[in-house]
Structure formats: C-alpha cells, structure tokens
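Asks: Here it is, the structure, as structure tokens.
The values are calculated or read from the model by the stated rules, or taken from the named source; none is laboratory data. Just so you know, these numbers come straight off a predicted model, no measurement behind them. Glycine gets a Cβ as well: all are built from the backbone with ideal geometry, and neighbour counts include every protein chain shown. Accessible surface areas use protein heavy atoms only, side chains included; no ligands, DNA or RNA. Shrake-Rupley method; radii C 1.70, N 1.55, O 1.52, S 1.80 Å.
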Amino acid sequence: MSGEIWKPDFPTETIMEGNVKLIVPKLKSFVKSRSEYAPSKAPVFYNPVMEFNRDLAVLALQAYQRTVNHEITVCELLAGCGAMGIRFAAEVKGVKKVVMADINERASKLARQNIELNNLVGRVTVEHEEANLLLSMHGAPHERFDVIDIDPFGSPVRYLDSAIRALRNHGLLAVTATDMAPLCGVHSKACIRKYGGKPLRTEYCHELAVRLLAGCLASTAARHDMGVEVVFSHSSDHYVRVYATIKYGAKKADDSIRNLGFMMHCFNCLHREASRENLTDGCGKCSECGSRLNYAGPLWLGRISDAPFCVLMEGESQHRLLKLGERIEGLLVSVEKESETLISYYVIDELCHILGLPVPSVKRVAEALKKEGFSAFLTHFDSRGIRSNAPAMMMGSILRGIAKEKREVLNNLGSKHVLHR
C-alpha cells in the first residue's frame, strides 16, 4: 500500500456482504431508466446480483482448501471494487495471500480502500494491471497460484491460457461466463469462435453451456499437457460457472480429451444421446423417429460436479450465516444428487407443447417414471426439468398416460355431479 488518501470522484455507499464491509458505487446514480444495466454504467464494476455467486465461491474455496489441507494463495483476476478477493481473505480459513488486479485505475484504488477498511493490508494486494500480463508474471514454478478466479463481464476465454499456466499442479480454476446468447445457440458462430464448439437452442441449453465452457477449458489445458477435473458447476441467473482442478501431465491431458464429444439431438421427437465420434460431417438420423439429427459440440461429456466436493460445500454452508443461505443449500443438494446422472434433461412443458398435452406437475411425472422402472432426478438447471434414462418416445407415452388419467378423473367427477343434480 502506498498510504495515499484517495476519495472516489463518484457517488458511493457502504454495504455489508458476507463478513466484510465494502465501499461500492451507488448504482442508482448511474442509470436514467430501468432498462439500463447499472453495473456497466458505474465507473467501477460492482454487481449486487452476483452476491450469490460470491457466496458459492467462498464455499468452494473453503472446500478446496480442506481437500488440499495446506495454506493457499489466490488470484482474483478482475477485481472491480474488490468484493470477491476481500471475501476470500476474510472468510476462507487457510488463505495465505490474495492478489487482485484491475486495469481500471479507479477500481484498483477503490479496492485498496476496501482492503484497508477490512484490516487486510498485507494479506490482500491489488495490482493496477492488465489481467493476462499479471498472470504471465506468475507463470514461473514458484510464482504460481493455488486458486485463480475469473469472473468477467462476458466471455472468460481470453484469460484461460494465461490462467492455466499460472496455476500450480492440482490448483483450482473458477470460471464464469455471462455471454449466454452464444453459449445457448442464439449466436452460434460467436460460440464456435470463442469456445471451439457448436451450441444448440434446446430446452437443456444451459447444461450445454456449462459443457461447452468445460470443454473449452479442457482443450486449452491439454495444449499445455494438463488435464482437468470438474468438481462443481452451476447455472444461475444470467451466467454459468465452472470449478475445475488442473492436473499436470500428458496422460492427464489425454484422459481429459477422452471426455470430449458431441450431443446429438432430434428437434422432432426431442431424442438426445451423447457420442464421442466426430460428427462435423453429419450425424445421421434419429433412432426413434427417423428425423435428421443435429449436434452440439465438441463439448465436455464427463461429470460436471463431484458429489463429495458438493458435500464439503454443504457442510461449510451450514456453519455460515449467509443472507442467501436457503437458496444456496437448495442448489448444492440438487447439484449433488444430479452429479452422477445422465447428460441432459427433459423440460416437461416443452414435451407437452410438442405433444399438445396439458402440463402436469413435475412430481407427478417423476412418480410415473419411477413406476415404469426409469430413473427420475430433478435438476437445478430448470425447475420444470427432469433427468431420466427414459427414451423420448417413452416420455411421450407417460405424459399421454397422465393426461388420459386426468381426463378420466374429470369425467367421473362430471358424471357424479350430473347424478347428484
């Protein structure tokens, strides 16, 4: 710290988030209409909606620290006002040092103020530096970090190569992507350019977004003879987030590459299946209805969360008073349960729309699936989604059966009403 006294030349307010006190831009002062995105208008970036993401990041870092069982060094790549990095230092036990960076001079100055406000001078430092340049300065063996967090506005791809080279063996990389339009298939060409994989506009596009991001991460790491293991991921609000450990070695890289493949999808009957074959020259016909298949990928076909890691995060959440604790616990329980399930999920509303059927409750569909001997898991990706090993045609048959049963009940009630009259 230079000891200089700097006063922000824009409206600010002091808030509490987690266990820390933060001086942040007064967002209401920077917008003229409700449609404007306040965080991007402020001279220093701060998004209060991402408190949920920061809460989960704190839990994930603590779970990681428990796993490696030694003091860790952390890099928070895009500091803004310093909220994430300061919370890491203040709330995660075993954090030895946090290095933050921001190319915005006012952001780095405000972050320094927040470090002083929370008595973290010495443990947390801020560099007024471009993110990739900072990471390049930490690429040497004894300069690398245990954890690197990349939480940008937009795509994280431009930072992945530098971040992977600045991570120690078995280090943790946490990556956020907010450019959901490319990842969910609205702008396919942009997704192919950035992430190296083709997206699809399906009802389970948010899971495909996670897998495209994880696949890009695995491909980037493999170029440096490193492999990845995804330990936690989620889709929330307007973004997807992936946490992966990086492991050195050509064999680890080869193992990761074997987890890359394609998701084949039929837009006629909603059949879907994973394939590790190269499908860029065409992927044939649907095995259920004979229609032409489309595909997404290459993307990550391996697991996108690790159940034991989720359990560690759940344990940490129960020992903390988090404002969004109930929502966090619900997410963690759901992610843990679906960690070993099949890729993709059915959205009941979408199937019923195609079949022209009334929409039943998710609970009723899950009960019917289990009765027929199929698995049924809820998914955090969509409150109306069910993961199941039932084929799409069988899902249609079950939904028709539920609709028929409901009609019979209503007819019986109608008959009783007429007799009563």
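Asks: May I ask for the distance between the Cα centers of segment 264-320 and segment 77-146, given as a whole number of Å?
Replies: Between the Cα centre of segment 264-320 and that of segment 77-146, the gap is 36 Å.
Asks: Obtain the nm distance between the two label points defined at A181 and I257 by a simple spin-label model: each point lies 7 Å from its Cα along the Cα-to-C-beta direction.
Replies: 3.5
Asks: For S383 and L117 in one chain, what is 0.36 nm times their gap in residues minus the Cα-Cα distance, to one decimal in nm? Don't skip to the answer; put the middle values down first.
Replies: Values: separation 266, 0.36 × 266 = 95.76 nm, distance 4.02 nm.
91.7 nm is the gain from fully extending S383 to L117.
Asks: Can you give me the P(r) profile for segment 138-189? Cα pairs, bins 10 angstrom wide beginning at 0, each as a whole percent.
Replies: Histogramming segment 138-189 at 10 Å steps yields 25, 42, 23, 10, 0 percent.
Asks: I need the peptides 386-398, 165-177 ranked by packing, meaning the mean over residues of other C-beta atoms within 10 angstrom, with the highest value on top.
Replies: Top of the packing list down: 165-177, 386-398.
Asks: Roughly how tilted is helix 362-371, in degrees to the nearest 10 and between 0 and 90, from the longest Cα axis of the chain?
Replies: 60
Asks: Suppose a student asked you for the relative contact order of segment 13-146, using Cα pairs under 8 Å spaced at least 6 residues apart; what percent would you report? Before the final figure, lay out the partial values.
Replies: Working: 215 pairs, mean separation 30.1, N = 134.
Once divided by the residue count of segment 13-146, the mean separation gives 22 percent.
Asks: What's the angle, to the nearest 10 degrees (0 to 90), between helix 392-420's Cα axis and the longest principal axis of the chain?
Replies: Here the helix axis deviates by roughly 60 degrees.
Asks: Related question: When the C-alpha atoms of segment 278-343 are aligned to their principal axes, what extent does each axis show, in angstrom, from largest down?
Replies: On the principal axes, segment 278-343 reaches 52, 21, 18 Å in Cα extent.
Asks: Shifting gears a bit: In deg cm²/dmol and to the nearest 500, what is the mean residue ellipticity at 222 nm of the chain if only DSSP H runs of at least 4 residues count, each as -39500 (n - 2.57), divided by the residue total?
Replies: Per the formula, -12000 deg cm²/dmol.
Asks: Suppose R0 equals 25 Å. What FRET efficiency, 1/(1 + (r/R0)^6) with r the Cβ-Cβ distance, do K41 and S136 give to the nearest 0.05?
Replies: 0.20
Asks: If you don't mind, there's one more thing I want to ask. For segment 286-421, what is the Kirkwood hydrodynamic radius in Å, using each pair of distinct C-alpha atoms?
Replies: One over the average 1/r among Cα pairs gives 17.7 Å for segment 286-421.
Asks: Note down the relative contact order for segment 123-234 as a percent, whole number, built from C-alpha pairs under 8 angstrom at least six residues apart. Display every interim value, and only then the final one.
Replies: On the way: 144 pairs, mean separation 21.4, N = 112.
Over segment 123-234, the number comes to 19 percent.
Asks: What do you get when you divide the Cα radius of gyration of the chain by 2.2 N^0.38 Å, with N the number of residues?
Replies: In units of the globular-protein estimate, the chain measures up at 1.09.
Asks: Then there is this: Using only the alpha carbons of segment 160-288, determine the length spanned along each of the three principal axes and report them from longest to shortest in whole angstroms.
Replies: 47, 33, 24
Asks: How do the peptides 77-89, 211-223, 246-258 rank, highest first, by the average count of neighbouring beta carbon atoms within 10 Å per residue? Each step should come with its number before you reach the end.
Replies: Details: 77-89: 26.5, 211-223: 24.7, 246-258: 16.7.
My ranking of the peptides, most packed first, is 77-89, 211-223, 246-258.
Asks: Given charges of +1 on the Cβ of Lys and Arg and -1 on the Cβ of Asp and Glu, with all other atoms neutral, how large is the dipole of the chain about its Cα centre, in debye to the nearest 20?
Replies: On the way: 54 positive and 48 negative charges, 203 e Å.
It works out to roughly 980 debye.
Asks: While we're on this one: To the nearest 10 degrees, how steeply does helix 105-117 sit against the main Cα axis of the chain, on a 0 to 90 scale?
Replies: 80
Asks: May I pose another question? Order R400, R158, R106, R34 by their accessible area, 1.4 angstrom probe, all chains in place, largest first.
Replies: R34, R158, R400, R106
Asks: What is the ratio of the Cα radius of gyration of segment 1-129 to 2.2 N^0.38 Å, with N the residue count, to two decimals?
Replies: Output field value: 1.06.
Asks: Are there cysteines in the chain with no other Cys C-beta under 4.7 Å, and if so, which?
Replies: So far as the 4.7 Å Cβ criterion goes, C75, C81, C191, C216, C283, C310, C352 stand without a partner in the chain.
Asks: At a Förster radius of 60 Å, what calculated FRET efficiency corresponds to the Cβ-Cβ distance of F267 and L321, to the nearest 0.05?
Replies: E(calc), rounded to 0.05, equals 0.80.
Asks: Please give the per residue accessible area of the chain, computed with a probe of 1.4 Å over protein heavy atoms only, in Å².
Replies: Per-residue value: 46 Å².
Asks: For segment 158-175 and segment 222-252, write down the distance between their C-alpha centroids in whole Å.
Replies: Result: 9 Å between the Cα centres.
Asks: Okay, moving on. Return the FRET efficiency for the residue pair T67, K404: r is the Cβ-Cβ distance, R0 is 56 Å, and the value is rounded to the nearest 0.05.
Replies: Details: r = 51 Å, r/R0 = 0.90.
Here the calculated transfer efficiency is 0.65.
Asks: Sticking with this one: Per residue Cα convex hull volume for segment 74-223, in cubic angstrom?
Replies: Considering the Cα atoms of segment 74-223, their hull volume per residue is 120 Å³.
Asks: Tell me, what does the Kirkwood hydrodynamic radius of segment 57-105 come to in angstroms if you use every pair of distinct C-alpha atoms?
Replies: About 11.0 Å, per the Kirkwood formula over Cα pairs.
Asks: Can you give the extra length, in nm with one decimal, that the chain gains between R201 and E105 once fully stretched, where that is 0.36 nm per residue apart less the Cα-Cα distance? Let's see the in-between values first.
Replies: Values: separation 96, 0.36 × 96 = 34.56 nm, distance 3.95 nm.
Working it through step by step, the gained length comes to 30.6 nm.
Asks: Please report the antiparallel percentage of the DSSP beta bridges confined to the chain, to the nearest 5.
Replies: Roughly 70 percent of the beta bridges in the chain run antiparallel, per DSSP.
Asks: Follow-up question, since we're still on this one. If you add up the charges near M84, with Lys and Arg at +1 and Asp and Glu at -1, over every other residue whose beta carbon is less than 9 angstrom from its beta carbon, what do you get?
Replies: Local net charge: -1.
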